[in-house]
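Notes for the one structure printed next.
The values are calculated or read from the model by the stated rules, or taken from the named source; none is laboratory data. On a predicted model such as this, the values are computed, not experimentally measured, just so you know. In this analysis, Cβ positions are derived from the backbone assuming ideal geometry, glycine residues included, and neighbour counts consider all displayed protein chains. The accessibility values were calculated without ligands, DNA or RNA, using every heavy atom of the protein model including side chains. Shrake-Rupley method; radii C 1.70, N 1.55, O 1.52, S 1.80 Å.
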Amino acid sequence: MRARLVVLGSGEGTNLQALIDACRDPGYGARVVAVGADRPAAGTLARAGQAGIPAFTVRLADYPSREDWDVALTRACTAYAPDLVVLAGFMKLVGKPFLDRFGGRCLNTHPALLPSFPGAHGVRDALAHGVKVTGCTVFLIDESVDAGPIVAQACVPVADDDDEAVLHERIKVTERALLRDTVGRMVREGWSVHGRKVRIGP
Ligand code: GRF
């Protein structure tokens, strides 16, 4: 049985695409059963359409409160019975209803080496700090902002003349491979969490 992935993303969707492409190999161990977004123009939705994957949009503006939105997002994901939810460039923080349902089995990806440079501008902040090496982090979400247990990380060198866009694109090449490989290992081998430590495998 292949694991069921629901992928949420607000942006271009290249991380989603890496997962869709990996899932074409039955040996990868997973399939993307649905894609969700918080805005109708998200590139993730177009990529889902091209791949024939069901997609949904849950817009914050359509709900009277953040919690109502969170409940609606949780319901939309639950409808696809995911084994793992992947936030792949999903630019909204999820709340308690979502965490109650998917805590421990919801991955996020961040374009910096956490715990350095959390938040929406990780690439910009790393560049402004003058680091020589940055990277990406795949982690399990919790109630914190970008501070959940770390599953995998990879390094990316910073060049002297990098700007935010150039550096982010270089990070994303590494990030896509890291996310693809980490999700694949998790669904094939299982995982456990002991405090802050995540172990993939039996
Ligand atoms: C990724 O770098 C992700 O970590 C960040 O936004 C980017 C999304 O890229 N939050 P894409 O939409 O998957 O191409």
Inset, instruction - Any residue in the stretch 60-85 that's without any contact (Cβ under 8 Å) to a residue 12 or more places away in the chain and on the phi > 0 side of the Ramachandran plot: show its pairings with residues that are outside any helix (DSSP H, G or I) and surrounded by 17 or more Cβ atoms within 10 Å (Cβ to Cβ) at Cβ separation under 8 Å, as long as the two are six or more apart or on different chains. - result: none
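Tell me the residue from L16, L107, L113 that is within 15 Å of the ligand (Cβ to nearest atom), open to solvent by 20 Å² or more (accessible area, probe 1.4 Å) and under 18 Å from F139 (Cβ atoms), please. Steps first, please.
Values: L16 fails: open to solvent by 20 Å² or more (accessible area, probe 1.4 Å); L107 fails: open to solvent by 20 Å² or more (accessible area, probe 1.4 Å).
It is L113.
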Legend entry - Those residues of the stretch 57-89 which are away from the ligand (no atom under 15 Å from the Cβ), of a type outside the set (A, V, I, L, M) and crowded, with 19+ Cβ neighbours inside 10 Å, in sequence order: W69, D70, T74, C77, P82
Legend entry - Close pairs (8 angstrom Cβ cut-off, 6 or more residues apart or separate chains): under 30 Å from R105 (Cα atoms) in the stretch 150-170, in a loop (DSSP other than H, G, I, E, B) and β-branched (V, I, T) anywhere: L167/V158
Inset, instruction - Report yes if D100 is part of a loop (DSSP other than H, G, I, E, B), of a type in the set (D, E), at pLDDT 95 or above and over 15 Å from the mean Cα position of the chain (by Cα), otherwise no. - result: no
